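First comes the structure, then the notes that go with it.
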Amino acid sequence: MSDHAALVDIRDVVKDYEGPQGPIHALKRVNLRVGAGEFVGIRGPSGSGKSTLLNMITGVDRPTAGQVLVNGQDLTELNEDRLARWRGDTVGVVFQFFQLLPTLTVLENVILPMDFARRGRPKERLERAQMLLEQVGLADQAQKFPNALSGGQQQRAAIARALANDPPLLVGDEPTGNLDSKTAHGVVDTFEELVARGKTFLMVTHSNSLAARIPRVIEVLDGELFENGARSGK
Ligand code: ADP
């Protein structure tokens, strides 16, 4: 992969946290490059560093050392305001527990990130939200509140919301962890369709049967990354 094609480029990233017994080395000088249009799975035991890795990539947290480049931007150079704006434009996140706002309709939930980003005019935001809900098979659920939907439908609504600002990168933190196996596979079908349309998708999963569908899987073990059994990027 050439430098040019890397959408995510993590270089010698170290992340230490202060623990009660001294520093916790959550990421131990890791390297990872993900090309535009790749579908990448992230696996590993609890506490191995998966969330920390995702937080580096989404700019939610900053590395202790090293560089994080996403979509050509060095995140370590941005202040909090610019980072928040960058995140809104560049990354869509899908969570295990969906995190839809319960007091807004499904349609309003999808419009919200466009309102925050001041994307287009209100009418355009509405039309885009409707189009996205159609894309994930929820056109007829738009006026309902999230709790009237099944888990799989709520996750599709959350995917539509993640797509609202048309980010190049989608990140899922165990996005199918709260769904039964059949529904989970249906949601992964949607992820595959998005990747086929050019999105880049990084997804944490614990499921063997889902990981088997993902073309590239990174294992996180004790703060280090492994790919095909070898330590990655060293
Ligand atoms: P995973 O997502 O694989 O379960 P995490 O990235 O959440 O793992 O955690 C990696 C390590 O860093 C663990 O030892 C965890 O206890 C520690 N850790 C994570 N976040 C914090 C934090 N905010 N403060 C202190 N330690 C943390």
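The values are calculated or read from the model by the stated rules, or taken from the named source; none is laboratory data. In this text, all values refer to a predicted model and were calculated from it rather than measured experimentally. A quick note on method: Cβ atoms are made from the backbone with ideal geometry, for glycine too, and the neighbour counts reach across all protein chains shown. We work out accessible area using only protein heavy atoms, side chains counted, and drop any ligands, DNA or RNA first. Shrake-Rupley method; radii C 1.70, N 1.55, O 1.52, S 1.80 Å.
Note on the range 222-234: among residues that are open to solvent by less than 80 Å² (accessible area, probe 1.4 Å) and at pLDDT 90 or above, the one that is nearest to LYS15 (Cα to Cα) is GLY223.
Yes/no per residue for (1) more than 24 Å from LEU221 (Cβ to Cβ); (2) within 14 Å of the chain's Cα centre (by Cα); (3) basic (Lys, Arg):
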| residue | (1), (2), (3) |
| --- | --- |
| ILE24 | no, no, no |
| LEU32 | no, no, no |
| GLY37 | yes, yes, no |
| SER51 | no, yes, no |
| VAL70 | no, yes, no |
| ASN79 | yes, no, no |
| LEU83 | yes, no, no |
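In the range 199-211, the residues that are closer than 17 Å to THR52 by Cβ and open to solvent by 10 Å² or more (accessible area, probe 1.4 Å) reach residues that are in a loop (DSSP other than H, G, I, E, B) and within 16 Å of the ligand (Cβ to nearest atom) with C-beta atoms within less than 8 angstrom, at least six apart or across chains, in these pairs: HIS206/GLU174; HIS206/GLY177.
One residue is enough: does the range 69-79 have a residue meeting the conditions touching a residue at least 24 places away in the same chain (Cβ under 8 Å), in contact with a strand residue (DSSP E or B) (Cβ under 7 Å, 6 or more places away or on another chain), over 28 Å from ALA211 (Cα atoms) and not small (Gly, Ala, Ser)? No, the range 69-79 contains no residue that is touching a residue at least 24 places away in the same chain (Cβ under 8 Å), in contact with a strand residue (DSSP E or B) (Cβ under 7 Å, 6 or more places away or on another chain), over 28 Å from ALA211 (Cα atoms) and not small (Gly, Ala, Ser).
Looking across the range 93-140 at every residue that is among the small types (Gly, Ala, Ser) and in a helix (DSSP H, G or I), the one that is nearest to GLY186 (Cα to Cα) is identified as ALA139.
Suppose the filter is in contact (Cβ under 8 Å) with a residue 12 or more places away in the chain, assigned to a loop (DSSP other than H, G, I, E, B), surrounded by fewer than 15 Cβ atoms within 10 Å (Cβ to Cβ) and not basic (Lys, Arg); does GLY177 pass it? Criteria not met by GLY177.
I need the full set of residues from the range 1-57 which are open to solvent by 40 Å² or more (accessible area, probe 1.4 Å), part of a strand (DSSP E or B) and within 16 Å of the ligand (Cβ to nearest atom), in order please. Hits for the range 1-57 are ASP16, TYR17, GLU18, PRO23, ILE24, HIS25, LYS28, ARG29, ARG43. Total residues in the range 93-115 satisfying the condition of being open to solvent by 80 Å² or more (accessible area, probe 1.4 Å) and either closer than 11 Å to ALA164 by Cα or not hydrophobic (A, V, I, L, M, F, W, C) (or both): the figure is 4.
Got at least one residue in the range 191-205 being more than 16 Å from the ligand (Cβ to nearest atom), among the basic types (Lys, Arg), farther than 18 Å from GLU38 by Cα and in a loop (DSSP other than H, G, I, E, B)? No: the range 191-205 contains no residue that is more than 16 Å from the ligand (Cβ to nearest atom), among the basic types (Lys, Arg), farther than 18 Å from GLU38 by Cα and in a loop (DSSP other than H, G, I, E, B).
When restricted to residues that are more than 18 Å from ALA157 (Cβ to Cβ) and either among the aliphatic types (A, V, I, L, M) or in contact with a helix residue (DSSP H, G or I) (Cβ under 7 Å, 6 or more places away or on another chain) (or both), the range 121-138 contains 0.
Within the option set ALA160, ALA164, ALA184, being open to solvent by less than 10 Å² (accessible area, probe 1.4 Å), assigned to a helix (DSSP H, G or I) and under 14 Å from LEU133 (Cα atoms) holds for one residue only, ALA160. Of the residues making up the range 116-141, those that are buried (at least 19 other Cβ atoms within 10 Å of the Cβ) and modelled with pLDDT of 95 or more are ARG125, ARG128, ALA129, LEU132, LEU133, LEU138, GLN141. Of the residues making up the range 64-92, those that are open to solvent by 40 Å² or more (accessible area, probe 1.4 Å) and not in a helix (DSSP H, G or I) are THR64, ALA65, GLN67, ASN71, GLY72, GLN73, ASN79.
For VAL60, the conditions (1) buried (at least 19 other Cβ atoms within 10 Å of the Cβ); (2) more than 12 Å from VAL220 (Cβ to Cβ); (3) among the β-branched types (Val, Ile, Thr) all hold with the exception of (1).
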